[in-house]
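> Dropping a structure here in structure tokens format, bear with me for questions.
The values are calculated or read from the model by the stated rules, or taken from the named source; none is laboratory data. Source: prediction; values computed, not measured. Cβ sites come from the backbone with ideal geometry, for glycine too, and all protein chains shown count toward neighbours.
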């Protein structure tokens, strides 16, 4: 017949309840452990309680927290596995109860806190703290020896408490591990963003783009406001990314706002936030974009579309570095770097009275002009190749190059939509292409038919056939590095006919070697 487990006493129940509350009431492990030892003394008369932890790397055991023990004294309580009662309990994973510490040779009393106490009247209980299948430390305490109070009850109680401690330790280890993992992931993402938005990854070898790169490198590490100028699609947002992610604020927020997309009646609420009840539908308090960007950078795209009233409030934020939410009275300090962008002529808008002169000069501290694609002809093919590789990989197509007529069409077009239009054009071409070469007929009709591009569509069937035939001959010669015999074989024709066609279209095979 199994031994009957004694029912816990009222003071034990109260102690366990308070210990459970203490352990789960805070994420501060040391604070919780100290409270546990205080409760053992307060409720059960267990004094000089201590909790030791095992360092798995050094196999050394040290006192983590102790009741009524100074920090200097705690440093004396260090043990190796198997050494003393504490070392033996951790090594074996089994509790030990010593009725009289005076009679136990394993009891080392390295801390010396019992001083002149009568050790014949002191009992010592030590139980392992187990997390899963491993022992991570011990919970121990003294009590005055009482013959009528068997130590088995104390062992049982401390074992229950050690289980609660183990659960807390495991939970905190998991939380800390997840935090470290999140910190590592955040660091990796920041590094990836830094690489992605590095100004060296902005594509362009033309002289005008080299000037842009120089200006970005000079201003990135400062806190100066930057005004990005240029037509739509020239890469102003990409330049803003490069400035922020190469600045001293790269670990702080980067908030983007398209001013042209904000309804005029909500601009201030979006930028500066609002209090609950500030206007119809404002059922809660909301932070504005400037508050969210505090310590970091805010990018205001299409800033020229802001109304004059909103421009005045923006000027105050830039000058005073403070704002008030819509409907609020509290002044909020903000430290934000501003990068603004516009495709409008702001100086002309100032003369017309549609843009504040004082705000213009506040923004125009460091202007950077992003050139239109037609002004950087040397970069067109470079960008086209980049977008070809990007979308070929994205859509799983094995496309090697762009044909000569297609290159001519790309370089002669005036690109009113700039880089954004070129990217869309190349994505379309990749989708339509079913072989390894992008041909001119894969390009949008605007590139094939517009007179100003010099790539007029053939006016007759004969011209269309000759254009296509010439393109096939050139592609074959490129693939075979100018070898006419192999190129003719690829096109399943004779070398004589191939040579005749090459002569007819004034093609020089040598230039493809």
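> Can you work out which of the residues in the stretch 214-273 that are in contact with a strand residue (DSSP E or B) (Cβ under 6 Å, 6 or more places away or on another chain), closer than 17 Å to residue 314 by Cβ and assigned to a loop (DSSP other than H, G, I, E, B) is modelled with the highest pLDDT?
225
> Can you pull out the residues in the stretch 268-296 that are within 21 Å of residue 228 (Cα to Cα) and buried (at least 19 other Cβ atoms within 10 Å of the Cβ)?
Once the filter is applied, which keeps residues that are within 21 Å of residue 228 (Cα to Cα) and buried (at least 19 other Cβ atoms within 10 Å of the Cβ), the stretch 268-296 yields 271, 289, 290, 293.
> Another question, then. Considering each of 327, 288 in turn, give the residue that is within 24 Å of the chain's Cα centre (by Cα) and at pLDDT below 90.
Numbers: 327 fails: within 24 Å of the chain's Cα centre (by Cα).
Among 327, 288, only 288 is within 24 Å of the chain's Cα centre (by Cα) and at pLDDT below 90.
> Please indicate, with yes or no, whether at least one residue in the stretch 422-431 is surrounded by fewer than 21 Cβ atoms within 10 Å (Cβ to Cβ), without any contact (Cβ under 8 Å) to a residue 24 or more places away in the chain, in contact with a helix residue (DSSP H, G or I) (Cβ under 8 Å, 6 or more places away or on another chain) and farther than 30 Å from residue 295 by Cβ.
Among the residues of the stretch 422-431, at least one is surrounded by fewer than 21 Cβ atoms within 10 Å (Cβ to Cβ), without any contact (Cβ under 8 Å) to a residue 24 or more places away in the chain, in contact with a helix residue (DSSP H, G or I) (Cβ under 8 Å, 6 or more places away or on another chain) and farther than 30 Å from residue 295 by Cβ, which makes the answer yes.
> Is there a residue in the stretch 185-192 that is loosely packed, with under 13 Cβ neighbours inside 10 Å, at pLDDT below 80 and within 30 Å of residue 130 (Cβ to Cβ)?
Initially, the stretch 185-192 is screened for residues loosely packed, with under 13 Cβ neighbours inside 10 Å, giving 185-189, 191-192.
If we keep only those that are at pLDDT below 80 too, we end up with 185-189, 191-192.
Narrowing the set further to residues that are within 30 Å of residue 130 (Cβ to Cβ) leaves none.
Taking every residue of the stretch 185-192 in turn, none turns out to be loosely packed, with under 13 Cβ neighbours inside 10 Å, at pLDDT below 80 and within 30 Å of residue 130 (Cβ to Cβ).
> For the stretch 248-285, name all the residues that are within 22 Å of the chain's Cα centre (by Cα) and free of Cβ contacts under 8 Å to residues at least 40 places away in the same chain.
Of everything in the stretch 248-285, just one residue is within 22 Å of the chain's Cα centre (by Cα) and free of Cβ contacts under 8 Å to residues at least 40 places away in the same chain, namely 248.
> Being over 17 Å from residue 110 (Cβ atoms) and touching a strand residue (DSSP E or B) at 6+ places or on another chain (Cβ under 6 Å) is the filter here, so list the residues in the stretch 46-62 that pass it.
Within the stretch 46-62, 46, 47 meet the criteria.
> Inside the stretch 342-400, can you point out the residues that are free of Cβ contacts under 8 Å to residues at least 24 places away in the same chain, under 30 Å from residue 429 (Cα atoms) and not in a helix (DSSP H, G or I)?
Within the stretch 342-400, 396 is the sole residue that qualifies.
> While we're on this one: Please go through the stretch 293-316 and pick out each residue that is in contact with a helix residue (DSSP H, G or I) (Cβ under 7 Å, 6 or more places away or on another chain) and under 21 Å from residue 247 (Cα atoms).
Once the filter is applied, which keeps residues that are in contact with a helix residue (DSSP H, G or I) (Cβ under 7 Å, 6 or more places away or on another chain) and under 21 Å from residue 247 (Cα atoms), the stretch 293-316 yields 297, 298, 299, 300, 301.
> Would you mention how many residues in the stretch 465-493 are assigned to a helix (DSSP H, G or I) and either more than 18 Å from residue 407 (Cα to Cα) or out of contact with any strand residue (DSSP E or B) (no Cβ under 8 Å at 6 or more places or on another chain) (or both)? Spell out how you get there, then give the answer.
At the first step, the residues of the stretch 465-493 found to be assigned to a helix (DSSP H, G or I) are 465-479, 484-490.
If we keep only those that are either more than 18 Å from residue 407 (Cα to Cα) or out of contact with any strand residue (DSSP E or B) (no Cβ under 8 Å at 6 or more places or on another chain) (or both) as well, we get 465-474, 476-477, 479, 484-490.
The qualifying residues number 20.
> Sticking with this structure for a sec: In this structure, does residue 305 turn out to be in the same structural domain as residue 242 (by TED's automatic domain parsing) and farther than 30 Å from residue 422 by Cα? Break it down into steps so the answer makes sense when it comes.
Details: in the same structural domain as residue 242 (by TED's automatic domain parsing): yes; farther than 30 Å from residue 422 by Cα: no.
Spelling it out, it is not the case that residue 305 is in the same structural domain as residue 242 (by TED's automatic domain parsing) and farther than 30 Å from residue 422 by Cα.
> Further question on the same structure: Filter the stretch 30-79 down to residues that are part of a helix (DSSP H, G or I) and within 26 Å of residue 11 (Cβ to Cβ), then give me how many there are. Walk me through it before giving the result.
Filtering the stretch 30-79 down to residues part of a helix (DSSP H, G or I) leaves 30-44, 71-74.
In the following step, the residues that additionally are within 26 Å of residue 11 (Cβ to Cβ) were identified as 30-44.
Selection size over the stretch 30-79: 15.
> Then there is this: Run residue 409 past the list (1) part of a helix (DSSP H, G or I); (2) in contact with a strand residue (DSSP E or B) (Cβ under 7 Å, 6 or more places away or on another chain) and report the number of the one that doesn't hold.
Unmet for residue 409, out of (1) part of a helix (DSSP H, G or I); (2) in contact with a strand residue (DSSP E or B) (Cβ under 7 Å, 6 or more places away or on another chain): (2).
> Taking the stretch 474-494 on its own, how many of its residues are touching a helix residue (DSSP H, G or I) at 6+ places or on another chain (Cβ under 6 Å) and surrounded by 14 or more Cβ atoms within 10 Å (Cβ to Cβ)?
Count: 11.
> Within the stretch 306-321, is even one residue at pLDDT below 90, in a loop (DSSP other than H, G, I, E, B) and farther than 26 Å from residue 216 by Cβ?
Yes, there is a match, as at least one residue in the stretch 306-321 is at pLDDT below 90, in a loop (DSSP other than H, G, I, E, B) and farther than 26 Å from residue 216 by Cβ.
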